[in-house]
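The values are calculated or read from the model by the stated rules, or taken from the named source; none is laboratory data. The model shown is predicted, which means the values in this text are computed figures rather than measured ones. Quick reminder, even Gly has a Cβ in these numbers, built from the backbone with ideal geometry, and neighbours come from all protein chains shown.
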């Protein structure tokens, strides 16, 4: 059920309140489940180190330029 909560939150872009309603849990429980799964994920730095990307220009992330 934890994965279903994360899927609803990220894929359907549902709020924790909407996830809780759909799964019959509290919004706080939905947050805790998604947070717990997220703590097990690799960070952007870990993924970049693993893939060793070769950047040749500018990177835009969330509307901010990274030189």
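Scanning region 15-50 for residues that are at pLDDT below 85 and surrounded by 12 or more Cβ atoms within 10 Å (Cβ to Cβ) yields one hit, 48. Residues in region 1-44 that are part of a loop (DSSP other than H, G, I, E, B) and either in contact (Cβ under 8 Å) with a residue 40 or more places away in the chain or touching a helix residue (DSSP H, G or I) at 6+ places or on another chain (Cβ under 6 Å) (or both): 14, 26.
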